[in-house]
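Participant: I have a structure I would like to understand better, so I am pasting it below and will then ask my questions one at a time.
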Amino acid sequence: GLNMSQYGGRHILPCFVECGKEAIANNRLLVMFTPNNAPQVVSGDAVAMAGITSPPADWAGANQPPTGCVAQGRLWGFLGHLGYYSNINAHQNFTSSVNDTSGTIPVYPGDGEYILASCAWGPYIMVWKYPVGVYLIDVTSPVPFTWTVRRLSKNVGIDSALAWAYGDNDIYFTWCGHPFAASLLNDQSNPQNADLSVSRNLTPFIHDRMDLSRFDHVQAIYHALKREFQWTQSYAGSVVNDVRLVMDLNRPGMIRFRYSDLDVCESLWLRKDA
């Protein structure tokens, strides 16, 4: 299982981001973001993690980013209402002020409490806030000072830092246990339009059977060959993730759901077989 940190009264799952290899001679990096510890980095085939080498001054003590991603060739970390981006030539360098400089971009300060989850999505970065708020950072241009932010919803959030996954052409996530499609979010329309459980009337089952206090433990994964999304959840009264919400996308024009309680799933990943 994964160790969890307390942040703002919630449990936050560790967020792992692959980056590095900014030049041929550089190692690949694996960065782990947790909200109470400086981002930890595995370089190449190292067997131990070390603190990120040049973090922003804001990342101090227990004030650390709970989430990050790679976009526009840079490593990003998110703390509070700010997005921090690295030097494009050095993913561990968040303090450079020359050449491909690092910097910050505000994401609707005052909306919500803090940024909880993030991912790259085409020429955008999607960020979710706790308790609610979904936003897009437009990084289409290679020039940082031209980047802009727009809000997709002020009424929808995300269950956990790992409650999202990429699909074939969309991002799917859960909020309050309900599966949402990112492409259907629009700040000018009813957020229920993006709630995929509405048409299948899943709400009574989710509210009656799931442990609503453990949505911050939700994890998501997409199996491309099976065209299935799976989200780990907990039955009412359970202290582990012991049920999976499965969304089947195999039938064109029809999303099908099922639940599976075959296994306890504290972590989810895909692996190659023999």
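Participant: Kindly check whether there is at least one residue in the stretch 219-230 that is outside any loop (DSSP other than H, G, I, E, B), open to solvent by 70 Å² or more (accessible area, probe 1.4 Å) and either of a type in the set (S, T, N, Q) or modelled with pLDDT under 90 (or both). It would help to see each step written out before you state the result.
Facilitator: First, pick out the residues of the stretch 219-230 that are outside any loop (DSSP other than H, G, I, E, B): 220-223, 228-230.
Filter once more, keeping what is open to solvent by 70 Å² or more (accessible area, probe 1.4 Å): none.
Looking for residues that are outside any loop (DSSP other than H, G, I, E, B), open to solvent by 70 Å² or more (accessible area, probe 1.4 Å) and either of a type in the set (S, T, N, Q) or modelled with pLDDT under 90 (or both), one finds none in the stretch 219-230, hence no.
Participant: Return the pair list, or none, for Cβ contacts closer than 6 Å from residues in the stretch 244-264 that are farther than 17 Å from Ser234 by Cα to residues that are of a type outside the set (Phe, Trp, Tyr) and open to solvent by 30 Å² or more (accessible area, probe 1.4 Å), at least 6 apart or on different chains.
Facilitator: Listed by first residue and then by second, the contacts come to Asp248/Arg256; Leu249/Arg227; Asn250/Arg227.
Participant: Just for the stretch 251-267: of the residues that are open to solvent by less than 40 Å² (accessible area, probe 1.4 Å) and farther than 20 Å from His207 by Cβ, which one is farthest from the chain's Cα centre (by Cα)? Don't jump to the end; show me each part of the working.
Facilitator: If we filter the stretch 251-267 for residues that are open to solvent by less than 40 Å² (accessible area, probe 1.4 Å), which is where we start, we get 260, 265, 267.
If we keep only those that are farther than 20 Å from His207 by Cβ as well, we get 265, 267.
Details: Cys265: 18, Ser267: 15 Å.
By that ranking, first place goes to Cys265.
Participant: Can we say Phe173 is in contact with a Phe, Trp or Tyr (Cβ under 8 Å, 6 or more places away or on another chain) and either touching a residue at least 40 places away in the same chain (Cβ under 8 Å) or part of a helix (DSSP H, G or I) (or both)?
Facilitator: On the way: in contact with a Phe, Trp or Tyr (Cβ under 8 Å, 6 or more places away or on another chain): yes; either touching a residue at least 40 places away in the same chain (Cβ under 8 Å) or part of a helix (DSSP H, G or I) (or both): yes.
When the stated conditions are applied, Phe173 passes them.
Participant: Could you list, in sequence order, all residues of the stretch 203-215 that are open to solvent by 20 Å² or more (accessible area, probe 1.4 Å) and not aromatic (Phe, Trp, Tyr)? Quick ask: steps written out before the conclusion?
Facilitator: Narrowing the stretch 203-215 to residues open to solvent by 20 Å² or more (accessible area, probe 1.4 Å): 203-205, 207-209, 211-215.
Of everything in the stretch 203-215, those that are open to solvent by 20 Å² or more (accessible area, probe 1.4 Å) and not aromatic (Phe, Trp, Tyr) turn out to be Thr203, Pro204, His207, Asp208, Arg209, Asp211, Leu212, Ser213, Arg214.
Participant: If Val198 satisfies all but one of (1) open to solvent by less than 60 Å² (accessible area, probe 1.4 Å); (2) hydrophobic (A, V, I, L, M, F, W, C); (3) free of Cβ contacts under 8 Å to residues at least 24 places away in the same chain, what's the number of the condition it fails?
Facilitator: Condition not satisfied by Val198: (1).
Participant: Return the only residue of Asp187, Asp168, Asp248 being acidic (Asp, Glu) and open to solvent by less than 40 Å² (accessible area, probe 1.4 Å). Reasoning before the result, please.
Facilitator: On the way: Asp187 fails: open to solvent by less than 40 Å² (accessible area, probe 1.4 Å); Asp168 fails: open to solvent by less than 40 Å² (accessible area, probe 1.4 Å).
Criteria check complete, one pass: Asp248.
The values are calculated or read from the model by the stated rules, or taken from the named source; none is laboratory data. It should be emphasised that the depicted structure is a prediction, and the values quoted were computed from it without experimental measurement. For neighbour counting, all protein chains shown are included, and Cβ atoms are generated from backbone atoms with ideal geometry for every residue, glycine included. Remember, those area values only see protein heavy atoms, side chains included, never the ligands or the DNA or RNA. Shrake-Rupley method; radii C 1.70, N 1.55, O 1.52, S 1.80 Å.
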